[in-house]
Structure formats: C-alpha cells, structure tokens
1. Is it the case that Leu301 is modelled with pLDDT of 95 or more, open to solvent by less than 40 Å² (accessible area, probe 1.4 Å) and not assigned by the TED database to the domain that holds Leu249?
2. Pick out the one residue from Thr50, Thr103 that is open to solvent by less than 30 Å² (accessible area, probe 1.4 Å), away from the ligand (no atom under 12 Å from the Cβ), at pLDDT below 95 and of a type outside the set (Phe, Trp, Tyr).
3. Search the range 74-99 for residues that are near the ligand (Cβ under 7 Å from one of its atoms) and pair each with any residue that is open to solvent by 20 Å² or more (accessible area, probe 1.4 Å) and among the acidic types (Asp, Glu) when their beta-carbon atoms are under 6 Å apart and the residues are at least 6 apart or on different chains.
4. Name the residues in the range 268-290 that are at pLDDT 90 or above and open to solvent by 10 Å² or more (accessible area, probe 1.4 Å), would you?
5. Leu264 - would you say it is assigned to a strand (DSSP E or B) and over 22 Å from Arg54 (Cα atoms)?
6. Just for the range 233-248: of the residues that are farther than 23 Å from Asp115 by Cα and of a type in the set (A, V, I, L, M, F, W, C), which one is least open to solvent (accessible area, probe 1.4 Å)?
7. Restricting attention to the range 249-267, and to residues there that are open to solvent by less than 10 Å² (accessible area, probe 1.4 Å) and away from the ligand (no atom under 16 Å from the Cβ), which single residue is modelled with the highest pLDDT?
8. What residue, among those in the range 215-232 that are farther than 25 Å from Asp115 by Cα and not acidic (Asp, Glu), is most open to solvent (accessible area, probe 1.4 Å)?
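The values are calculated or read from the model by the stated rules, or taken from the named source; none is laboratory data. Small disclaimer: the values here were computed from a predicted structure and weren't measured. Positions of Cβ are generated from backbone atoms using ideal geometry, with glycine treated the same way; all protein chains shown enter the neighbour counts. Ligands, DNA and RNA are stripped out before the accessible areas are found, and what is left, the full protein with its side chains, is counted by its heavy atoms. Shrake-Rupley method; radii C 1.70, N 1.55, O 1.52, S 1.80 Å.
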Amino acid sequence: MSFQDEHQETSSSDSTVSAGSPGTPDHWNNPVPIAEPTSIVSPQVPTVHTETRRCIELRRLHRFFGSTRAVNDVTFSVDRGHVFGYIGPNGAGKTTSMRILATLDLPSYGDAYVDGFSVVNDPELVRKRLGFMPDSFGTYRDVNCSEYLDFFARAYGLVGRERIERLKWVLDFTGTNGMAEKPIRGLSKGMKQRLCLGRALIHDPAVMILDEPAAGLDPRARIDLRRMIRELADRGKTILISSHILTELAEVCDSIGIIEQGTLLATGTVDEIHQQQANLLELVIRVLDRGEDAQKLLATLPGVGDIILDGCLLRFPFGGAPSDQAGLVARLVQEGFGVVEIISRKKSLEDVFLQVTKGLVQ
Ligand SMILES: Nc1ncnc2c1ncn2[C@@H]1O[C@H](COP(=O)(O)OP(=O)(O)OP(=O)(O)O)[C@@H](O)[C@H]1O
C-alpha cells in the first residue's frame, strides 16, 4: 500500500467518536502488529497537507509497563476542528496515550494517527503537524518569553519574515505580548501556561494535544484558556485536552471520553453521556420515625435501588416512572409512615463521572 493509500484509508469511516471494545481482549491471540519506527521520509510523501477528516485516531492502543496496563485497548477518533476531552482520575492512562500521540513513547500494540500519519511509522510527519503541551514542562529561566518562543520557531525551521510574523501572532493570541521581554523566571503559573500554549502553537500545527492545561490556574485564567481553545478549534485545529474534572471541560468539548485504569469507559457528547448515565433519579425521603421499617417497605417497590439509611433519612436511586414515584409516597402514607419531606434530583455531571469511574488505581 502506498503512503497516499494509507493516508486516505484513515478517513473512510463516518463516526466522530467510537469507543474501544470492552471485555476480554481478543488481541492477546492476534495482537495488532507494529512496524519498527523509522525516521526515513519517503521522497513520494506529499509536502502539502492532505485532507483527512479524522484528525486524531487511536486504534486499539495498548501500552503496558510491566504488569500495569496503562493504556488497555483504547480506540477513538476526533474529527477535524473538534475538541475532545479526555477525562479520568489520576493514573488513568491519559498522559501515556498523549505521549504516544506526541511520538514520545511507542505503543505495546495498536497504533495512533495524527492527521492521517502513524505515530509508529511516520513520527517525523506527525511531529510537524502536532503541538504538544505537556502537564509539566521545562522553561529556561534566564531567557525571556520572546526568546523562548523564537527558539522553538527556529527549531521548527521557521525563517525570516514568516518566523517574525508567527512569533507576533502567538504573543498576541496567548496574551503574552506585554511579557515578551520579561524573563521566564518572573512569570506566574498562568502566564507560564500561556507561554507553553504559545510554544505548542508556534509552527501552526493542525492538531494540538494539551495535557491538563488548566491544572493550577485560577478561575479567570481557566475561562481565558477555554476561550482560546474554542477559538483554535473554530480556526480548524483539532484538539485533544485532558483533565481530571468533567465539568471543567463540558462547555468547551464537542465530545469526551472517560478513561480509568487504561480502559475507555464511555465516549460521546457530554449530553449523550449525561443522558446514558443519568437516567436514574436520586430520591431522598425523610420519615417521622421507624426508618428501618420504611426501608424494608421501599425495598419491595418498583424502581427502587440500593437504599442508604441514615436514621429517618432514606436515600436511593430511583428508575421508576412518575406514577411509580407517586405510588411510592401513597404506599408509605397508607402504611402509617409520616412523610416529612421528599426530594428528587437528576444526577449532575459530577455524579455521572463518579458513577462511570469506580475510583480504581493500579
Ligand atoms: N514510565 C512508566 N513506567 C512505569 N509505569 C508508568 C510509566 N508511566 C506511567 N506509568 C503508569 O501508568 C499508569 C497511567 O499513568 P498516566 O500518567 O498515563 O495516567 P494519567 O491519567 O495521566 O494520570 P495523572 O492524571 O495523575 O497524570 C499509572 O499507573 C502510572 O503509574
């Protein structure tokens, strides 16, 4: 297969996001083969950008460290110009996946594609198209912001007028213009994050990988960051951004994936995931007395999940229809319980995240 064929093949499917297959992996018998990485660029490789709708794609990606399955059969894709939120608790496998996409590590099995190019077979071409903002990054304390960005612009081969204009655009876009001559050592955390975003943008990449860019930022800086990310996506960049916190990314992402212990647990738009997971209400009922008896009665009624009893307060997930809910209250009253209060509420995004993840670490 020629490079061009391979490149076009990656754009053939229709879905924006597709979850990895859960359950026992069948790849143990048939692992997805990985070619040796190579830095040799074929002379036939096109120098112009080739259209590929799926701009980021992970295909059955695995990365093991000894017995730790840091990334365990993860598959999803992100369309051009979309923002994908990669959400998971500590140690879920977010950084490991992102490092593979950024060609800083190799998969144990499977492959990942950036703008149609394989991180395994075409790492040089991937790097040209990718801007990576790591979760922690080194800065040179004694250089100023302008010199820092200029260093990376030169490293990416930008020259002459193009380099000067690009540098100016990045300083303007990231709001670091006023800091251009300031030594990096004097910058606040928020300003350093802006500078690092600028560094990742300096060569005008098609794809941006941002590993927890909002960590440690104050609320205003978080809002500014979200605005910049949305603007970059509106300009056609495809962005993968990670966070521990689902609500933080809900507004800015077109779709999200929730990962824990290396496994992708849910993918879709925020609304889809909310609807899939939050179909249950939570009911809280306070009775006047005989809490334990009320618990026994409720446990026999339709739609009632596991009840947590705290004195005369009963809290449980409820999957019944509104008529079942009305019947439940009527039954309690009929059986002589004094119903002091009843509260029903839909699960919040944060509840959904806690419901999907189990708080497991490896
Ligand atoms: N180089 C390594 N050697 C051994 N284990 C590693 C290595 N890198 C990551 N791991 C392990 O892989 C798992 C996933 O780690 P990873 O850093 O990808 O998670 P994460 O979701 O980015 O977590 P955090 O939000 O805390 O940054 C963890 O159990 C981690 O200890």
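1. Spelling it out, it is not the case that Leu301 is modelled with pLDDT of 95 or more, open to solvent by less than 40 Å² (accessible area, probe 1.4 Å) and not assigned by the TED database to the domain that holds Leu249.
2. Thr50 is the lone residue from the list that is open to solvent by less than 30 Å² (accessible area, probe 1.4 Å), away from the ligand (no atom under 12 Å from the Cβ), at pLDDT below 95 and of a type outside the set (Phe, Trp, Tyr).
3. none
4. Result: Val284, Arg286, Leu288, Asp289, Arg290.
5. On the way: assigned to a strand (DSSP E or B): yes; over 22 Å from Arg54 (Cα atoms): no.
The answer is no for Leu264.
6. Leu246
7. Once the filter is applied, the top-ranked residue is Ser255.
8. Checking each candidate, the answer is Arg220.
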